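Report on one structure; see the data block that follows.
Computed from the coordinates by the stated procedures, all read-outs in this text should not be read as laboratory data. Since the model is a prediction, treat every value here as computed from it, not as a measurement. Glycine also receives a Cβ, built like all others from the backbone with ideal geometry; neighbour counts cover every protein chain displayed.
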Amino acid sequence: MWQPRRLTGSLLALVAAILLLVSPFFPLFVGDFRARATEFSMIITGWGFDTDAPQRIGAVAVNAYGLIFSAVLLFLATIVTFGGARRTASPSSRRIAATVMAVAAAFTLGVAVSVLPQLTNWIDTFRPVGAAASATVDTAVGLGFWMMAVGTILALAATVLAVLPVRDSEPVTPAYGIPVQSEPPPQTP
């Protein structure tokens, strides 16, 4: 009933969609700053940033909308690729499934590539300056970023599985080693 490779691709797309849907709610970046009498932390999610610093200055890009839209595209691609994973699926429905999956994965990759430079910027700029140069700073990549990264990789893998051609099963070779076509039953006049 199912083509195992295409069904696996559909399941990977589903997992990718779930990961991208929940990733904006987890931290993309976490930074802790400790100096003599000052201590604060900053957490950046897909929706913005939160800090317990005395002053809240600046802003970050809101990435949640792109991540959620990417998850919606992947959910739609999952539905279409499930249809293309059936053994009875027509070649045109398989092509449509591969195309929809490729578009969803391309958008997902674009969103991930746009978040990556932001992350490197956050790591580079969250550091002590001026009089607080002797402060201790700890930065970490958050769980939300790793969920987005794994979801993107799974979406790309699902696309590869959707695009690869599937060979039909070969006829079973009988015990004597030569496949013989059976004759149709005799027709009655």
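Secondary-structure-derived ellipticity at 222 nm for the chain, considering helices only, amounts to -18000 deg cm²/dmol, per-run term -39500 (n - 2.57) for DSSP H runs with n ≥ 4.
Remark: the stretch 1-118 carries a charge dipole of roughly 740 debye about the Cα centre, counting +1 on each Lys and Arg Cβ and -1 on each Asp and Glu Cβ. Here the calculated FRET efficiency for T136 and S90, from their Cβ-Cβ distance with R0 = 45 Å, stands at 0.10, rounded to the nearest 0.05.
Between W2 and R127, the modelled label-to-label distance comes to 5.0 nm, taking each label 7 Å out from Cα in the direction of the beta carbon. When the Gaussian network model of the chain links Cα atoms closer than 10 Å, the mean-square fluctuations of A98, A77, A53 top out at A53. The calculated P(r) of the chain, using every Cα pair and 5 Å bins from 0, goes 1, 8, 14, 13, 11, 9, 8, 7, 6, 5, 4, 3, 2, 2, 1, 1, 1, 1, 0, 0, 0 in percent. Taking a sphere under 10 Å around the Cβ of D138 and counting the other residues whose Cβ falls inside, with K and R at +1 and D and E at -1, yields a net charge of 0. The long axis of helix 91-125 is offset from the longest Cα principal axis of the chain by roughly 20 degrees. Projected label points at T120 and Q55, each 7 Å from Cα along the beta carbon direction, are separated by 3.0 nanometres.
Principal axis analysis of the Cα atoms in the stretch 1-47 yields extents of 67, 17, 8 Å, listed in decreasing size.
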